[in-house]
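The structure appears right after this line, and notes come after that.
The values are calculated or read from the model by the stated rules, or taken from the named source; none is laboratory data. Values in this document were obtained by computation on a predicted structure and should not be read as measured data. Cβ coordinates were reconstructed from backbone atoms using ideal geometry, including for glycine residues, and neighbour counts include every protein chain displayed. Ligands, DNA and RNA are excluded from the accessible area calculation, which covers all protein heavy atoms including side chains. Shrake-Rupley method; radii C 1.70, N 1.55, O 1.52, S 1.80 Å.
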Amino acid sequence: MTDRYGDSTRAVKAVSSQPVPGDPIGPGPVLASAFHLSPDEEGSERDTYGRGSNPTWRQLESALAQLEEANGALTFSSGMAAITTALRVTAKPGSVLVVPADGYYQVRRYAVESLAPLGVTVIEATAEQMCHAAEGADVVLAETPTNPGLDVVDLHRLAGICRGRGARLLVDNTTATPLGQQPLSLGADLVVASATKALAGHSDLLAGYIAGSHPELMAALERERLLSGAILGSFEAWLVLRSIGSVGLRFERQCRNALALATALRHHPRVRSVRYPGLPDDPSYPVAVTQMRRFGGLVSLELSDAAAVHALVQRSALLVAATSFGGIHTSVDRRARWGDPVGDGFARISAGIEDPDDLVADVLAALDPS
């Protein structure tokens, strides 16, 4: 029974093609911008031009749909390309759109700068405010856990509100990944995510996707992708597909490292606060434990100031200063530099796949250099 498979087994099966004697176990990418056309000109070919379709896309989209437990998925050139496409299709002029006030800041900027001038009413709501804001919305985009604060939105409750008023619910599942959370099973209409992060996992490409089970909505999204041209290169699609086979192992270690770091730092005298949804005393834990299978690889913490964050990285042998997250290296990002409404000493740590004991010892030594 597939519902008894663990995460690594699910990931390996998702990227496995039907076994055919003589075929490669791991097929390579199809690098093509144009395909042979049939002479009857009836347009029956599955692939004609590379902006419309590609066999490597289909393999990746099948894998993503399996992981998100959706009927279908569409790949995009980045997570932002996926989110903006979903918003253009669902948030029409005259509609009310709710976006996260405490989520990824560029999503807010896109809504305000590109959708509001077209007649979309944009409401920014924190994770705590999201359910109340949804009571007057036509489209709701929720990010959970939020980036970078790691607050958790009650998706079951939010989905009930949206369903009751006929509103569309879109959930950004980037931080949790499909191995940590299944928004569609909780009532979401669409999942949007950046595959750049944990799914690709090696900090070497950009990719995004949308997953869902409403055929007409997915068809509209595919049409918008065709017309906007926000497509994923076939080589990048193959790299993501190749990476998904190991995501179960990588994400398990990242979650383990994140919990180990959060536990070690929560009472450290140089750390003012720690947030991780998997800590039993975290404010988000009561909701997170009801809807998340794993709590993710991100930890947020507050140090005294920006200098303390920079010193932490400089004194460490393992930490790297970088934005984005989900890679094999443990990285630190001081989010105030990007305009997030956080303190100067606020840092988001993305746990990598180092050995947990080594990582914790390194971070503690960097905090206490004496």
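Structure values in brief
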read-out	value
Set Leu206, Leu184, Leu150: member being in contact (Cβ under 8 Å) with a residue 60 or more places away in the chain, more than 16 Å from Met80 (Cα to Cα), touching a strand residue (DSSP E or B) at 6+ places or on another chain (Cβ under 9 Å) and open to solvent by 20 Å² or more (accessible area, probe 1.4 Å)	Leu184
Only listed residue being surrounded by 24 or more Cβ atoms within 10 Å (Cβ to Cβ), closer than 25 Å to Ser234 by Cβ and touching a residue at least 12 places away in the same chain (Cβ under 8 Å), chosen from Thr177, Thr144	Thr177
Output for the range 27-43, where each listed residue is surrounded by 12 or more Cβ atoms within 10 Å (Cβ to Cβ) and at pLDDT below 85	Pro27
Residues that are of a type outside the set (Asp, Glu), open to solvent by 40 Å² or more (accessible area, probe 1.4 Å) and over 15 Å from Pro145 (Cα atoms), drawn from the range 99-115	Gln106, Arg109, Tyr110, Val112, Ser114
Long-range neighbours under 8 Å by Cβ, at least six apart or interchain, first residue within 17 Å of Gln182 (Cβ to Cβ) within the range 51-79, second open to solvent by 20 Å² or more (accessible area, probe 1.4 Å) and among the β-branched types (Val, Ile, Thr)	Ala63/Val15
Residue within the range 49-72 that is within 22 Å of the chain's Cα centre (by Cα), farther than 18 Å from Ala195 by Cβ, at pLDDT 95 or above and not acidic (Asp, Glu) present	yes
The range 275-300, residues that are aromatic (Phe, Trp, Tyr) and touching a strand residue (DSSP E or B) at 6+ places or on another chain (Cβ under 7 Å)	Tyr276
